[in-house]
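For reference, the structure is listed below as structure tokens.
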Amino acid sequence: MAEPEPEPAPEPPAPTTPDVAAPAPARELLDGAEDARLMLEVPQWDDATRFATYCADSIARAAQVRARLQLAQGDQAQIVADFDQLSRELDTAGGLASLMFNVNPNEDYRNAAEKCEQDISKFTTEVSLDRGLYDALAKVDPSTLEGFGKRFVEHGLRDFRRAGVDKDDAARKRIGEINARLVELEQSYIKNISEDTRSIAVTDASKLAGLPQDWLDNHKPDADGKIVITTDYPDFFPFETYVTDEALRKELYIQFLTRAYPKNKDILQEVLALRHEKATLLGFTDWAHYAIEDKMAGSAEIVDAFLGDITKIIRPRAVADLEVLLARKQQDYPDAKAIQTYDRFYYVSVVQKEKFDFDPQSVRPYFSFPAVKAGILSLYGELFGLEFKRLEGAKTWHPAVEAYELLANGERVGRFYLDMHARAGKYKHAAAFEIQSGSPDRVPYASLVCNFPNPADGDGKALMEHDDVVTFFHEFGHLIHHLLARKSRYIDLNGFNVDWDFVEAPSQLLEEWAWSPEVLQRFAKHVETGEPIPTELVKKMKAASEFGKGLSLMRQVFYTAMSLYLHEADPAKLDLDAFVGDLYKRFSPFPLVEGTYVYANFGHLMGYTALYYTYQWSLSISKDLFTRFKQEGIMNGEVAKAYRSAVLEPGGTEDAKDLVEHFLGRPRNLEAYEKWIQEE
Ligand SMILES: [Zn+2]
């Protein structure tokens, strides 16, 4: 739930031996709900042993429920309740483990959390392949169940079948082998990219003019007068953005796009072959059809059509961007015939500066962290009818972390933590972590984890980039979604357990507020003068940020096509270079640069597999959802209330398609997305 995000959990469960009997509990176990309550309400964030015990007890309680289910002696209602109980026993331990592994300053605690995550993952994988459990659930007739029970059971059965638990022994054995091999290969692919740092050497320091001073200070010539520049992000992106010399940008770009080549070529071939084999064992024509079946899109055909539609919409804008960039490039290189991939960041930045006269530094004095935080809380509170009460003195895992209670109509409906500033050893990106799923009988918990400027540092102003402000809106959108979605007694249907390709839409929607002068002026006041951010400045910032959109979206189209079509191709006949070369011709705004191999270093091919389309899919939905606010008022409380009850509160109790239709009063369409691409 972050930008950049930890990639959503990959689909295939890891291999295991199914039907493992539950271990006998070594000692008396506390009731799970009471144990979770004690962990959350009487916390000791530095007690690793207590957490390890809690985690082991949670798994032991889950194992007891599993053993009961394997006997399948209960009536229907008992079986369904036990399946929910199985999730409940692991929910809080799993949530805490994932969060603590990323933020707890105590190393023993982090280690205990890591082990807990592994143990829970092992257990849930066993469960997903447990034929006895599947048989128990299959005894239930979903049509006789009340409330959300039908959906809960149908989804449970679907997930079992997608894991292959209903297949014969030979097929299940083979699927287990494939899963095991895929985990290894996927890890190697990612590792090969991160370990293959390449570099170029520049001898003429004057070629680096234009790079920021702190970057130059970190890149002094060595004894031979060489300045080494690597393919790591903090080197690569500033270099490609600021270096005027085309040949140098090209040289580093080629290094960047050859990372992990040729190693990952072989790995990708094998990954694609294994995914294809698994999909066919499960009765699908190919991996893309398997991976998309249970998503909001619902079928590879629909994603294919979506890709065609957005290509048509985006291409003209990309072509227009290319013309502007080429005209600008020809001022430097009169013979230039094309804009290359390695020109994009540089010329977009040049045109932004020349044409829009916008310097991102100029808005920072309006975004002091304490004011932004107060502004966002007050805005979300007003929009959605919520109150946020700071819990002064509450125990947290670090003195900089704050605890809050979420109140609706004066009643406590959730609790969350804000862990907003960088420190050594902490998670490096921004994300919303779920700690405990809510339900009508249980209060949900969550935490935001970010790395924003800290008022405790330096001059205390803690000035944020506007990008950070957008991220704050986005992640807080995830947080609120998790806390408000607690309708069902089955916790697996609550929180942001919505259709996987929809989960970003609600948080992307809230980003719109971060671009509204009316909204920003509520809290974005100049740190020296107190003057609210001028409307003109916000408009200029928006115009500058929108420039080059056609090209960056067209690049996304290319990645989407690669992700989808590689997983529809017959791996036995696949020639990766020819295949991707053809995709360049059809979808890339830039020609293929000789000697580059994007398929060897595009990490999303592992975590997202065929599902990279989700970025544009959910973005197009968020633009559609925003139309009502655009027409009826961005601070319109009635619309916000309708959104809260139609989209946020139902969580995963309904198909995302229906959530969207309930709010909009019509099926989703691409009109707003198209308008955004063409006009703004
Ligand atoms: Zn997100």
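The values are calculated or read from the model by the stated rules, or taken from the named source; none is laboratory data. Note that this is a predicted model, so its numbers are computed, not measured. Neighbour counts are summed over all protein chains in view; Cβ atoms, including those assigned to glycine, are modelled from backbone coordinates with ideal geometry. Note: areas computed on protein heavy atoms with side chains; ligands, DNA, RNA excluded. Shrake-Rupley method; radii C 1.70, N 1.55, O 1.52, S 1.80 Å.
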> For the charge dipole of the stretch 363-497, defined by +1 on Lys and Arg C-beta atoms and -1 on Asp and Glu C-beta atoms about the Cα centroid, which residue among Ser437, Tyr427, Asn454 has the Cα displaced farthest towards the positive pole?
Replying inline: Ser437
> For the stretch 491-558 and the stretch 352-417, what is the separation of their C-alpha centers, rounded to whole Å?
Replying inline: 15
> Dipole of the stretch 124-198, Cα-centred, from +1 at each Lys and Arg C-beta and -1 at each Asp and Glu C-beta, to the nearest 20 debye?
Replying inline: 160
>> Suppose each label sits 7 Å from its Cα in the direction of the beta carbon; what would the Glu536-Ala209 distance come out to in nanometres?
In response: 3.2
> Taking the stretch 86-164, which GluC sites (Glu not before Pro) meet the DSSP loop condition and have no more than 12 other C-beta atoms within 10 Å?
Replying inline: Glu146
> P(r) of the chain in 20 Å steps, Cα pairs, percent per bin?
Replying inline: 16, 50, 31, 3, 0
>> What are the equivalent ellipsoid semi-axes of the stretch 32-164, built from the alpha-carbon gyration tensor (square roots of five times its eigenvalues), in whole angstrom, biggest first?
In response: 31, 15, 12
>> Quick check of the Kirkwood formula: for the stretch 363-497, what is the inverse mean of 1/r over all pairs of different Cα atoms, in Å?
In response: 15.5
> Dipole of the chain, Cα-centred, from +1 at each Lys and Arg C-beta and -1 at each Asp and Glu C-beta, to the nearest 20 debye?
Replying inline: 440
> Which links in Lys207/Lys428; Lys389/Lys657; Lys337/Lys549 stretch past 28 Å when you go from one Cα to the other?
Replying inline: Lys207/Lys428; Lys389/Lys657
> Where the centroid of each part is defined by its Cα atoms, how far is the stretch 46-85 from the stretch 295-313 in Å?
Replying inline: 40
> From a point 7 Å beyond the Cα of Gln331 in the direction of its Cβ, which residues of the stretch 218-249 have a backbone N at a distance under 17 Å?
Replying inline: 242-246
> Once the Cα gyration tensor of the stretch 197-256 is found, what semi-axes does its equivalent ellipsoid get, as square roots of 5 times the eigenvalues, in whole Å, sorted largest first?
Replying inline: 15, 13, 12
> So how much accessible area does Glu654 have, in Å² to the nearest 10, using a 1.4 Å probe?
Replying inline: 50
>> Give the list, by residue number, of cysteines in the chain with no other Cys Cβ closer than 4.7 Å, or say none.
In response: Cys450
> In terms of the Cα gyration tensor, with a ≥ b ≥ c the square roots of its eigenvalues, is the stretch 482-624 rounded because a/c is under 1.5, prolate because a/b exceeds b/c, or oblate?
Replying inline: oblate
> Taking only C-alpha pairs under 8 Å that are 6+ residues apart, what is the relative contact order of the chain in percent?
Replying inline: 17
> For Ala81 and Glu392, what is the calculated FRET efficiency with R₀ set at 35 Å and r taken between the beta-carbons, to the nearest 0.05?
Replying inline: 0.35
> What does a probe at Ala320 reach in the stretch 580-608, counting residues whose amide N is under 20 Å from the point 7 Å along Cα→Cβ?
Replying inline: 588-590
> In whole Å, what is the distance between the alpha-carbon centres of the stretch 608-631 and the stretch 254-294?
Replying inline: 25
> Mind checking the log10 I(q)/I(0) for the stretch 156-211 at q = 0.18, 0.21, 0.22, 0.23 Å⁻¹? Debye, one equal scatterer per Cα, no solvent, two decimals.
Replying inline: -0.79, -0.87, -0.89, -0.91
> Given a cut-off of under 8 Å on Cα pairs at least six residues apart, what relative contact order in percent is computed for the stretch 32-164?
Replying inline: 27
> For the stretch 660-677, what does the Karplus curve 6.51 cos²θ - 1.76 cosθ + 1.60, with θ = phi - 60°, yield as ³J(HN,Hα) per residue in whole Hz, taken in order and with x for Gly and Pro?
Replying inline: 5, 5, 5, 6, 7, x, 6, x, 5, 8, 9, 4, 5, 4, 4, 4, 4, 6
> Can you give the angle from 0 to 90° between the axis of helix 263-281 and the longest principal axis of the chain, with both taken from C-alpha atoms, to the nearest 10?
Replying inline: 40
> Across the stretch 427-432, in residue order, what do the Karplus-derived ³J(HN,Hα) couplings come to in whole Hz, using 6.51 cos²θ - 1.76 cosθ + 1.60 with θ = phi - 60° and x for Gly and Pro?
Replying inline: 2, 8, 10, 10, 7, 9
> Over the heavy atoms of Phe433, what accessible area does a 1.4 Å probe trace out, to the nearest 10 Å²?
Replying inline: 20
